[in-house]
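So the structure is just underneath, and the comments pick up after that.
The values are calculated or read from the model by the stated rules, or taken from the named source; none is laboratory data. A quick note: this is a predicted structure, and the numbers were derived from the prediction, not measured. Here Cβ is always computed from backbone atoms with ideal geometry, including for glycine, and neighbour counts include all displayed protein chains. What goes into the accessible areas is simple: the full protein's heavy atoms, side chains included, and nothing from ligands, DNA or RNA. Shrake-Rupley method; radii C 1.70, N 1.55, O 1.52, S 1.80 Å.
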Amino acid sequence: MSVKKVYMETFGCQMNVSDSERIATLLEAKGFQMTVAEAEADVILLNTCSVREKAEHKLYTRIGQIRKSSADNLNNFPDSKKPVIGILGCVAQLEGETLFKRDQGIDFVLGTRAVGRVSEAIDNVFDGQKNLIDLGEREFGYDWMVADSHRQFPFVAFVPIIEGCNKFCTYCIVPFSRGREKSLVASDIIRHVLKLRREGIREVHLIGQNVNSYRPPSDSGLENFAGATAFSRLLRAVAATGIERIKFTTSFPRDFHTDIVTAIDANENLCNWVHLPVQSGSNNVLRAMRRGHTIENYLSRVDKIKASSRNISLTTDIIVGFPNETEQDFLETIKLVEYCQFTSAYIFKYSPRPGTPAFEMPDNVSAKEKSVRFLVLEKVVKNNQQKVFQNFLNKIFKVLVEKVSNKNTTQLSGHTTCQTVVNFEGSKELLGKIVNVEILEAKANTLYGKIC
Ligand code: SAM
Ligand code: SF4
C-alpha cells in the first residue's frame, strides 16, 4: 500500500501553530508523509481559527477552492481520487456537525482537544466512515513533543504550559473553542525543556492563552522554586534548566504579578519581553469587555516592567470599535499607547462572535469608523515603535539566527531577546547560532545591522 500524503494549512494563533507541529509529528510517526504540495495530497487538513469573523470566512473560501481544484483534477485525471478533507481546531470545535451540512466536501471534523486522534480519524474515513466527528477531550498521556523537522523554526520550540481559558472576556470565543484552563504539570514541562535543550534548541516559548494564569494540578517540579505565583515559580524552574533563552506569551494583565519582573531581573535566560494585551485605554470599554483590569492597575504593572534593569520590551493587543466605544474612549487608547511606548501592538477591528455576550450588544461603531480608528492607531503605534527603535541604534544585541531573510537572500534574520526582528548580512553557517549584531537602521517592525 502506498504511503498516504497529508497537506496541512494552519490559521490563527501560536496554539494552532503548535498543535499543527504535533499533528505533523504524530502523523509521520503513524506512517503518513507530510507534503507541501496540495495537488499530490491524499488528505488535506485545515487547522482553523474562529477569533474573528474574517478568519472563519477565509476557511469557507479555502474549502470552496479545495473542492473546486479536486473536482478539476477528477475531470482531467479520472483515475485520481478526491482527497479526504479534515477540519480541525477552533471552528471544528464550535461548529461541529453543522460543518458537514455547510460543505458536502468535508469528511471529518476534529475539535481542539481531539487532534491527538487525527491518524485514527483519517484511517476510519479511508475505511469508509462518513461524517466522522470527534469533539472529545484529550486522551490520557497526550504527547506534547514535536519532531525537529516539523518545527516552524528549527532552533525555537513552543512549549504549551496551559490550554483553554476561564476569563470569558465578553467579545471572545476562545473559552468556547478551547475549553476551560488546564495547566500542565511543571515536572513534565521541565522534562520537555531539558529534552529540547539536549536536542540543540536555543529558545523556548512557554505558550498558552494566559500563561500567567498557570495553576498546575500538583506542585511536582516546583518544590525547589520560590515565588509569589505558580507561574513565577515555573519561570524560575525553567530558567534553572539552563536553556539559553526563554520567552512566554500571552500574559493576562489581571494575573500579572510583579514577581514575574523580579524573576526576569534575576535570570538572564528569561528574556526581556512581555506581551500584555490591554485591549483598550478606556475603563468604560474595559468594563464592558469584562477584562478584569483597569487602566490604573495596567499602568502600575507597566511601570514595574519599565523599571526593570533588563530594559524589558512591551507589546500588546488592542481592539478598536468595541460596542459603544466613543471618540473619547478611543483618544484614551491613544494616550495609553503613547505612555506605554509599546515596541509593537497587534490592532484588531472588533468582530462580533456569535455566542459571546458582546454579540448581544449593538455593533454600533460603523465599519468605516473602525477602519479610521485602526489606521490612526496604527500610525501612533508605528511612531512609538520608531521612538523605541531609535534607542536601539548603535547598540549591540544578541540575535538568534533563525533563517535566511525572505526579502533578501544574502541576509540572515533572527530575533533579539526582546523579540524584535533583526536582519543582517551573513553566511548560512550561522543559522542556529546566537550572534552579536550592532543595530544601524530601523524600519517598520524590523531592525537592520551588522555582525560584530
Ligand atoms: N488571552 C489573550 C488576552 O487575554 O489578551 C488573548 C488571546 S486572543 C486569541 C488574541 C487577541 O485576539 C486578543 O487579545 C484580542 O485583541 C483579539 N480578539 C479576540 N476576540 C476578538 C474579537 N471578537 N474581535 C476582534 N479581536 C478579537
Ligand atoms: Fe479571550 Fe479574554 Fe481568554 Fe484572552 S483572556 S483568550 S481575550 S477570553
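Remarks
- Relative to its residue count, the stretch 211-313 spans a Cα convex hull of 94 Å³ per residue.
- Residue-normalised accessible area of the chain, given per residue in Å² at a 1.4 Å probe: 44 Å²
- Working note: Debye formula, equal point scatterers on the alpha-carbon atoms of the stretch 258-358, no solvent; log10 I(q)/I(0) at q = 0.10, 0.14 Å⁻¹ is -0.31, -0.57.
- A crude spin-label estimate for the pair ARG62 and SER187, with each label 7 Å from Cα along the Cβ direction, gives 3.9 nm.
- Distant-in-sequence amide H partners of THR250 (H built 1.01 Å from N, under 5 Å): GLY208, ASN210, VAL211
- Peptides 115-121, 348-354 ranked from most to least packed by the mean count of surrounding Cβ atoms within 10 Å: 115-121, 348-354.
- Efficiency of FRET between ALA226 and GLN152 - r from beta-carbon atoms, R0 30 angstrom, step 0.05: 0.30
- For the stretch 292-303, backbone phi angles converted through the Karplus equation (6.51, -1.76, 1.60; θ = phi - 60°) give residue-by-residue couplings of x, 10, 10, 4, 4, 6, 5, 5, 5, 5, 4, 4 Hz, Gly and Pro being listed as x.
- Per-peptide average of other Cβ atoms within 10 Å, ordering 439-451, 169-181 highest first: 169-181, 439-451
- With Cα atoms defining each centre, the stretch 285-324 and the stretch 376-446 are spaced 25 Å apart in the structure.
- The chain - share of DSSP beta bridges that are antiparallel (%, nearest 5): 35 percent
- Here the 3J(HN,Hα) profile of the stretch 342-350, calculated from phi with Karplus coefficients 6.51, -1.76 and 1.60 at θ = phi - 60°, is 5, 6, 7, 8, 8, 10, 10, 7, 4 Hz, Gly and Pro shown as x.
- Taking Cβ atoms as reference points and 14 Å as the exclusive limit, the residues near LEU430 contribute a net charge of +3, counting Lys and Arg as +1 and Asp and Glu as -1.
- Cα gyration tensor category, rounded, prolate or oblate, for the stretch 18-103 with a/c compared to 1.5: oblate
- Computed packing ranks the peptides 286-298, 237-249, 310-322 as 310-322, 237-249, 286-298, most packed first, by mean other Cβ atoms within 10 Å.
- The H on the amide N of GLY281, modeled in the peptide plane, is under 5 Å from the matching H of THR333, each at least 5 residues off or on a different chain.
- Ellipsoid semi-axes in whole angstrom, largest first, where each is sqrt(5λ) of the Cα gyration tensor of the chain: 35, 28, 23
- Using the rule -39500 (n - 2.57) for each DSSP H run of four or more residues, divided by the residues of the chain, the 222 nm mean residue ellipticity is -10500 deg cm²/dmol.
- Site pair ASP317 and PHE77 shows an inter-label distance of 4.0 nm when each label is modelled 7 Å from Cα along Cα→Cβ.
- P(r), alpha carbons of the stretch 1-159 - 5 Å bins starting at zero, rounded %: 2, 9, 19, 23, 22, 15, 8, 2, 1, 0
- The length gained by stretching the chain between TYR346 and SER2 to full extension, at 0.36 nm per residue less their Cα-Cα distance, is 119.4 nm.
- One decimal place: the segment SER300-ASP103 gains 66.0 nm when fully extended, by the rule 0.36 nm per residue minus the C-alpha distance.
- Here the gap between ASP265 and VAL17, fully extended at 0.36 nm per residue and compared with their Cα-Cα distance, gives a gain of 86.3 nm.
- Remark on the chain: CYS13, CYS49, CYS90, CYS165, CYS271, CYS340, CYS418, CYS452 stand apart, with no other cysteine beta carbon under 4.7 Å.
- Per residue, the convex hull volume that the Cα atoms of the stretch 410-452 enclose (Å³): 67 Å³
- Counting protein heavy atoms only, the stretch 215-351 has 48 percent of its accessible area on carbon and sulfur, 1.4 angstrom probe.
- Inter-centroid distance (Cα atoms) of the stretch 55-117 relative to the stretch 119-167, Å: 17 Å
- Sites VAL36 and LYS382 - FRET efficiency at Förster radius 41 Å, r taken between beta-carbons, to 0.05: 0.75
- Label point at SER427 placed 7 Å out along Cα→Cβ; residues across the stretch 378-400 whose backbone nitrogen lies under 19 Å: none
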